[in-house]
Each structure stands twice: as structure tokens, then as C-alpha cells.
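Participant: Sending over a structure as C-alpha cells; questions will come in a sec.
None of the figures in this text is laboratory data; all of them are computed from the coordinates on show. Given the structure is predicted, the values throughout are model-derived calculations rather than measurements. Every residue, glycine as well, gets a Cβ built from its backbone with ideal geometry; the counts of neighbours run over all protein chains shown.
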């Protein structure tokens, strides 16, 4: 073959490779484990394998025995076992990821239509190499469509019903949540919104990336505004805990572009919860609900055991399911009237907050009651860094739900650390 022909063939091969790569990116293959429909999730299983190589001390290897796959690392041993299980039970490996908080490798398998789902689950449960098998669950954010209905310079402050009813303006003379770390597990947050710019300390995406690569989504941006909108900047609104350190972990995605309604699944939420734990979050805000999920229960119980305060929304619709708000130790929040058995009722109707593209709108749902309580918990933690979830729950729970009264009382009560000095 002459050099010119060889070079031409090489260029054509290179072009074909680049075209394939671009097509893969366009089809969002970075997140092949995520289905945009319940039909896809119905044929997918989460399987965990105990992996002793997770968290093993490094012996000069910067990857600590793991090789990079996307943003996460998997051991060669766990990948081999995952492949063996796939071959043994005629499954397709979609993705794999180490759940460092639990010391297991989590594998997402797709079950072919010709294989009985119940049978393969039963077979996997009997396999000695498997520690957990479950279906891929779906979760929904708890929000209604937008309603049509002091000392700060924010022009919309007087329209913030929750901010006013809780007396946040007075509380900010004593506490603003400074330094308290809050993991906000939700859809994407518009970090460039003028009322949120500089308020998000860390962000990461664990969910399918939008086709336009724009992570500014309605639900997450609205929840973030309630929690941390910058006060006294001459625009918009003010957040409950504006000086808290917000970790925006995108685990949910809209049902359709620019939709308030959104959903997540077991895998993306597990990614986000594990990240929240490794970031040493003090509070986790979960404005969502779904069916019982074994893997997520394990992670939330690990978080609670580490002293992390987990705050979750209680649905008003029994069909959505009450998990994870029904886990013992989780602070369950409702907006009142519509939510079933909340431990704490907080403002959640016609809440003015931030939405993408420098805008504001009114929102309704326990999704927006939950960040009110997360923000109040941050205010208390700044005053009493040694307080645990039970202390926070005791101070915020009352028949009258006068959350501000409890925080003001707490501000004059010495903490255990203060008493020791």
C-alpha cells in the first residue's frame, strides 16, 4: 500500500472512531444505567457484592487498588465477580460503583426479557457472593405546579410567607447557619442565579445530563432558594440559612425539560447519599419520596449512625409512598393538611423562591416545607454544634409548630460545650 493510500485509510478510520464517540456522547452513555422511563427500570436490578478492597490503605498506588471509570473507581476483583454473575445468570452489566460507606460494590444489571425477573432475583439471593438484591426503585420530588396566586433590602421579602411566619429576620440577628454543611439531594441548581451565586459550595451530577447540558432545573433551584438565597443584596428573596455550606448533589432529573415534576432512582440516590456521607455533611435534605428501598435504607441508617441529620418530605398522596421519611431517626416534614403523619409541619404553600433564568415563582408542596426545617436545623447547629438529631427534633417539634420560638429559646440556652467552659 502506498503512503498516501495508507494515510487516507488512517484518516477515515480516525473519523469513524470520532463519529462513534460523538454519537455515544449524544446518547448520554456516561450514564447508561439511568432510564428515563419506568419501563427501563422495571428490568433492572441493583446487586451488591461485599468488597474488602474498598477503603483499603494505599501502598503507593494513587488509585488505591481501583481504576478510574468516569468519576468513580472499581476494583478489578469486583469487576471480575460482577462479570461472572452476569454470565452465570444471563444478565447484562450496565454499570458498577463502590458504595464506600457500606464496603460493597454496587452493580446495576439489566435482565433480558427472555429471563424471568422473579427467578433470577431468587437465584441471586441464594448466591454466596451476593449481599443484596433489589429492583430499581423510582422516587418523585414532592411539589405542585407553581401557583399563580425589615432590615433586609430584598424587595420580595414581604412576599415570603414562610420566612415571615417563622420570624427568620429576627433569628438572623443570632444565627445564619454559618459553617453548617447541608447536602441538598435534588435536581440541578442554577448556580448562576443572582440570588444563589456564590451560595453553593460544591456541586456534582449523578443523574442523566440534559441534552443542552444545562443543569439549571426548576425543583432543585427552588429548594435551594428557600434554604440559602443570599439576603440583603438588593434583589429577590432571602434564605433560611444563607451562610450554610450547600452541597448540591444532582440525583434527580425533570420528567420533561423545564418541568417542576422530577424523578430519581435507587442508583442515583445511592450515589448522592454516599457522596453526602463522604463530604461529612451535617444535614441531608431529601425533598422526595418513594417506595421502600433496602440499599437506600442502609445508607440512610449509616448516615444517622454517624450523627448526620436526615430531613425528608412526607407525601400528601399515599400512592407515592412514605420512604425515606418513615425511617426511624429521619425527621419527617409535611406542609400540613395534606401530608400524612409528619413529625414537623412547616410552611409549604405558595412559597416564593428562586427558579432558573434569574426568575422567581410561588411553589407548593412538602418539597418546600422540608428546606424550611433543614434551614432551621442549620440555625440551631450553629448555636449548638454538639446537638444531635434528637436534640434538633425536640426543639423543632411542637403542636403549634412555632419553630422560631424554639430557635429563639435555644439561642439563650447554653450548649453542652458552653457548660463545660
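Participant: Work out, step by step, the length gained on full extension between residue 292 and residue 386: first 0.36 nm times the residue separation, then minus their alpha carbon distance; give nm to one decimal.
Facilitator: Between residue 292 and residue 386, full extension yields an extra 30.7 nm.
Participant: For a footprinting-style exposure proxy, rank 280, 123 by other Cβ within 10 Å, fewest first.
Facilitator: By the 10 Å Cβ count, ascending, the order reads 280, 123.
Participant: Calculate the spin-label point distance for residue 128 paired with residue 232, positioning each point 7 Å from the Cα along the beta-carbon direction, and give it in nanometres.
Facilitator: 6.5 nm
Participant: Starting from 0.36 nm per residue, how many nanometres of slack lie between residue 394 and residue 158 once their C-alpha separation is accounted for?
Facilitator: 82.0 nm
Participant: For residue 358 and residue 201 in one chain, what is 0.36 nm times their gap in residues minus the Cα-Cα distance, to one decimal in nm?
Facilitator: Full-extension gain reported as 54.6 nm.
Participant: So for each of 347-358, 124-135 I average, over its residues, the number of other beta carbons within 10 Å; can you give me the resulting order with the highest mean first?
Facilitator: Put in order of decreasing packing, that is 347-358, 124-135.
Participant: Applying 1/(1 + (r/R0)^6) with R0 = 35 Å to the Cβ-Cβ distance of residue 178 and residue 302, what FRET efficiency is obtained, to the nearest 0.05?
Facilitator: Here the calculated transfer efficiency is 0.85.
Participant: Could you state the number of Å between the C-alpha centres of the stretch 362-387 and the stretch 90-121?
Facilitator: So the separation of the two Cα centres works out to 36 Å.
Participant: Over what distance in Å are the Cα centres of the stretch 236-269 and the stretch 151-212 separated?
Facilitator: After rounding, the separation between the Cα centres reads 11 Å.
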